[in-house]
Amino acid sequence: MTKKIKKTNAARILDGLGIDYEIKTYAVDENDLSAVHVAQISGLDINMIFKTLVARGDKSGVIMAVIGGGDELDLKALARASKNKSVEMIALKELLPLTGYVRGGCSPLGAKKNYPVYLDARALTLEKISISAGQRGMQIILSPQDLVKAVNATVAELTI
């Protein structure tokens, strides 16, 4: 008998939009929540794994940046894309109260509020990308165009 996977809010949102996706589960290592480690233990290619980072713009307030798992966010590029003068990462202690998600399980889908989402342009060069399903140990694999549609993402060059 196969174990039934409990759907997350992120998966339910995609269901409601009629968007095709696949859920990939993996064992969580609390000592290493990095995207590189997720790639190693899940068997997914690091180039398809995208992480969700939460930042605050001086004009826009809270925003989400979705970038490649092995990439580094360029805060100035995110500021330009989001029409802010400056952007800074939120403090880790703010993540759960702002989004409802914990580190290693933050998804651009289904946060407490519909924050503006900025997707790194590299995602559109890929057939499929993997994002957090909203909990540690679970990834959603979908087309980047479907993610753009689902969260009304702005696509921009966001990495160094």
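The values are calculated or read from the model by the stated rules, or taken from the named source; none is laboratory data. Here the structure is a predicted model, which is why all the values come from computation and not from measurement. Note: ideal-geometry Cβ built from the backbone for every residue, glycine included; neighbour counts use all protein chains shown.
For this structure, a couple of remarks:
- Some residue of the range 43-64 being buried (at least 20 other Cβ atoms within 10 Å of the Cβ) and in contact with a Cys (Cβ under 7 Å, 6 or more places away or on another chain): yes
- Taking the criterion of being within 16 Å of the chain's Cα centre (by Cα) and among the small types (Gly, Ala, Ser), the residues of the range 37-68 that qualify are ALA39, ALA55, ALA65, GLY68.
- Boolean, VAL28 is free of Cβ contacts under 8 Å to residues at least 40 places away in the same chain and either in a loop (DSSP other than H, G, I, E, B) or more than 23 Å from ALA153 (Cα to Cα) (or both): no
- Residues satisfying the stated conditions in the range 79-89, i.e. hydrophobic (A, V, I, L, M, F, W, C) and either at pLDDT below 95 or over 15 Å from the mean Cα position of the chain (by Cα) (or both): ALA79, ALA81, VAL87
- Boolean, THR25 is at pLDDT 95 or above and closer than 16 Å to GLN135 by Cβ: no
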